[in-house]
Amino acid sequence: MLEKMIYGVEFFRHPGPSLDELKKDMGLFKEKGFNTIRVQETWSYEEPEKGVYDFDKIRRIVDYAEQIGMDVVITFTLDCVPAWLCQDHDIFLVNGRGEKCITIGNPYTVVADGKPGPCWDNPITRRAAEKFVSAFLAEFGSSPAIKGWSVWQEAGLWAVFSPSGGYHGAMYCFCKHSLREFRDWLKKKYITIDACNEACMVNYRSWDRIEPPRNRGTTPLGAEHARWLLERSGRIAAWKRELVRKYDPKKRPVMCHTSGSIPAYTVGNFWADDYLMAKDMDGFGKSIYPGWHATSNDHPNEHLHFAGFMLEAARGAADGKTIWAAELQAGRPFDCDGLFRCTPPRVQDLENWNLMALACGVKGFIHWAYREEILLQESYGFGMLSRRGEPFPWFEGLVALTRFLRQHEEYIKPGQPPRAEVVMAINRDGYILGHQSRIDDLVINLTKRMYECLLDGNVFVDFIWNEQVENGNLRGRKIVFLPFPLMMSETYAKTLADYVHHGGVLISAACPAIYNELSNATMASPAYELDAVFGCKEDNVYSVSDEMLEGDNGLHVKTTHSVQTYRDVQGEVILRWNGLPAGVVNHFGKGKAYIIGTFFSPKVHNRELIQYLLHREGIVLAPADSVMVRRLESEHGQVVILYNRGNQTVREDLGLSEYSLIDSYGGRVTIREDCLRVELEPQRAACLILGRPFKT
């Protein structure tokens, strides 16, 4: 995507320090080895009256960046709509209760950069935004300092800011423009009103009469509306990209990034799906704030689990495009009340987060942020420098790591994680079902916990979305996990069957395809002839948690949520519940399919089951306290990232083979004949640069 890797900081958004302070700090970051600043324009500041533009401060920042040789990425904050636009026009989002979302017109980027913003289905909003973007590009389009554009900050429709509180009635949008777009989407999909009526179990005589449920909607039309909302976010992102490209004379790369999205968050909270957001972009990124998601003293590896899960999902969604850590925590989190200061991170925390991002294939780092925040809700949050511009203790640690990475960019930039043998299938339909039935957290945690078990066992996974599955991207993968398989289309199911038939190994949790993609119960379980794939049919389903499924060799699996038992078993029974078959493995074509009659439970119980299943397929799950080792391969050599999960200092030996040690960061490295010995303290990461050819 970009010509070189990004090593940068979130540098400016309104309100910010004085221009003199900004110039001084920009010089500091340039001196310390950073090559990029990210500047966040804010529409509400920069077009205070219709057709009146104030780009002076950003112009001075960009000009000074050019003067000192610092690259710039511009982020468009179009959700921060000017007051005049929302005061003169009805451009508000409308939720299911008929409430207008009146957060727009707020001149501040806090809270949430203006999100959820205006209704982008409204032509008035789009015309006004296009005039603004064309004016901005007329001002900055020729700047050689600007290397790329970010068109949507933490993209998605943020229903968390429902006027009613929560998101039960905050499905956006029900204005006349959005309803028209939804009806047009249905018309394109079903062609005739009769076909739509039959599929969605309704009886309309006119497209103009169709209206989706005004809550979560546990109906076929509700499922379609949720699917439309997710696709709609992707279409808005694509429109923003095309808008910037239209007026950019240099056609520089355009990207966006998400924070809350499938698969790490609920559908209805943010209405974003990483794959749909990334597919029309030149690059894709994530906001990563590990310090908000665990307390390192209690759960020392949760930071890494969270960062890895988010970024591996982004890599899968990007589908070969460049990924970047668009916002990577660089300082203490902020207290949500804005009154107190949170515990600052340790230098090793920041090093670990950055190296984990590198291990996931990230090619750009934007640290959030360069100075502590000033506005109340986020005050004293983040920051590599204090409000007075004084470096925090962790600043020099990030400087040292950045210099190391830049020094070895010829190895790091082309280096890619190897294609994984194990795949996590992220089925969008399952997340829609979770949203409809109010079990979002269960759906999310099942996937997260399975990922954590695999990561802790040094088994790295690729995430594969619906479109990728149906395009045949499972072919050649050794194992595919289905963590929440309840809802799927017939096409999806047949693709899974084809994968197994041609030699793949499918591992499914309970109740596959008991609902179709419209959230209607299917006539059999497993449906769509998947019973032949799994070698069994459903006998019954019981609401049972915290009991045990028992298998051969002392295998015990704790039940979560429910148990599915089986009859007409053609395969091998590997688990039983009260004597009834509750886990089966079946040979189908050249491959095998496992069905586990419950859902993957908390990590300690997951591990025994996953270890058993992988062992049967010839994959070894490493001990939970082993050293994580991830290699990025290129024609130049390897970048090896290590992390000590345990509570004791350990030594890890790495065979050199045809490689020679070029450099290392973190840990204590010694060369012993034809191998490297790396000594790592507890919860510490290290990075080795290995080049070709091997030098004796």
Two-decimal log10 I(q)/I(0) for region 354-408, as the Debye equation yields it once each C-alpha is a single scatterer, q = 0.14, 0.17, 0.19 Å⁻¹: -0.45, -0.63, -0.74
Using only alpha carbon pairs under 8 Å that are at least six residues apart, calculate the relative contact order of region 6-412 and give it in whole percent. 15 percent
With -39,500 (n - 2.57) per DSSP H segment of 4 or more residues and division by the full residue count of the chain, the 222 nm estimate, nearest 500 deg cm²/dmol, is -9500 deg cm²/dmol
Isotropic mean projected area of the C-alpha convex hull, region 6-412 (nm²): 19.9 nm²
More than 19 angstrom apart: percent of Cα pairs within region 50-123: 48 percent
Given Cβ point charges of +1 (Lys, Arg) and -1 (Asp, Glu) and nothing else, what value in debye, to the nearest 20, does the dipole of the chain about its Cα centre take? 880 debye
Could you point to the residue in Pro220, Gln67, Gly268 farthest towards the positive end of region 6-412's charge dipole, with +1 and -1 charges on the Cβ of Lys/Arg and Asp/Glu respectively? Pro220
Can you compute the label reach from His615? Point 7 Å from Cα along the Cβ direction, backbone N cut-off under 20 Å, restricted to region 550-579. 550-559, 572-577
When the expected Rg is taken as 2.2 N^0.38 Å, what fraction or multiple of it is the alpha-carbon Rg of region 486-548? 1.16
Quick one: which of 217-228, 180-191 comes out on top by average Cβ neighbours within 10 Å, and what's the full order, highest first? 217-228, 180-191
For region 422-616: Kirkwood Rh in Å [reciprocal of mean 1/r, alpha carbons]: 16.3 Å
Can you tell me the FRET efficiency between Lys131 and Asn540 if r is taken as the Cβ-Cβ distance and R0 is 60 Å, rounded to the nearest 0.05? 0.45
Stretch gain in nm, segment Thr192-Val347, where the contour uses 0.36 nm per residue and the Cα spacing is subtracted: 49.7 nm
Would you mind computing, in nm to one decimal, how far apart the modelled labels at Lys176 and Asn647 are, each placed 7 Å from Cα along Cα→Cβ? 6.6 nm
As an exercise, use a Förster radius of 56 Å and the Cβ-Cβ distance of Arg438 and His501 to find the FRET efficiency, rounded to the nearest 0.05. 0.95
If I compute semi-axes √(5λ) of the Cα gyration tensor in Å from the structure I just sent, which labelled value in [x] 44, 34, 22; [y] 52, 28, 23; [z] 40, 36, 21 lines up? [z]
Assign unit charges at the C-beta atoms only (+1 for Lys and Arg, -1 for Asp and Glu), then state the dipole size of region 200-324 relative to its Cα centre in Debye, rounded to the nearest 20. 620 debye
Phi-based couplings in Hz for region 7-16 (Karplus 6.51, -1.76, 1.60; Gly and Pro marked x): 10, x, 9, 5, 9, 8, 8, 5, x, x
How many nm separate the modelled label positions at Glu242 and Asn578, each set 7 Å beyond the Cα in the direction of the Cβ? 5.7 nm
Report the net charge of residues surrounding Gly217, where surrounding means a beta-carbon distance below 13 angstrom and charges are Lys +1, Arg +1, Asp -1, Glu -1. +2
If all Cα-Cα distances of region 384-536 are sorted into 10 Å bins from 0 onward, what percent lands in each bin, rounded to whole numbers? 10, 31, 26, 14, 12, 7, 1
Using 0.36 nm per residue of separation minus the Cα-Cα distance, give me the extension gain between Thr218 and Glu231 in nm, one decimal. 2.8 nm
Highest to lowest packing among 641-650, 618-627, 587-596, scored as the average C-beta count within 10 Å: 587-596, 641-650, 618-627
Candidate cut points under GluC sites (Glu not before Pro) in region 558-666, DSSP loop plus at most 16 other Cβ atoms within 10 Å of their own Cβ, are Glu617, Glu635, Glu658
Sort 144-151, 129-136 by the packing proxy (mean of other Cβ within 10 Å over each peptide's residues), most packed first. 144-151, 129-136
For region 304-356, calculate the relative contact order in percent as a whole number, restricting contacts to Cα pairs under 8 Å that are 6 or more residues apart. 38 percent
Residue-by-residue Karplus 3J(HN,Hα) for region 530-538, coefficients 6.51, -1.76, 1.60, Hz, glycine and proline x: 5, 4, 5, 5, 7, x, 6, 10, 5
Residues Met5, Met281, sorted so that the one with the fewest Cβ neighbours within 10 Å comes first: Met5, Met281
Kirkwood hydrodynamic radius (C-alpha pairs) into Stokes-Einstein, region 627-691, 25 °C and 0.890 mPa s, D in µm²/s: 209 µm²/s
Membrane-span-like helices in the chain: DSSP H runs reaching 20 Å or more (Cα, own axis), mean Kyte hydropathy at least -1.0? 123-140, 220-247, 302-318, 440-456
Restricting to Cα pairs below 8 Å that are 6+ residues apart, what does the relative contact order work out to for the chain? Please round to a whole percent. 10 percent
Förster radius 41 Å - calculated FRET efficiency between Ser386 and Glu658, Cβ distance, rounded to 0.05: 0.30
Restricting everything to alpha-carbon atoms, can you work out Rg to Rh for region 66-198 with a Kirkwood hydrodynamic radius? 1.07
Loop trypsin sites (Lys or Arg not before Pro), region 392-435, which have at most 15 other Cβ atoms in a 10 Å radius of their Cβ (DSSP): Arg419
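The numbers here are math on the coordinates, done by the rules we state, and not lab data. Predicted, not measured: the structure shown is a model, and the values here were computed from it. Cβ atoms come from the backbone with ideal geometry, glycine included; neighbour counts cover every protein chain shown.
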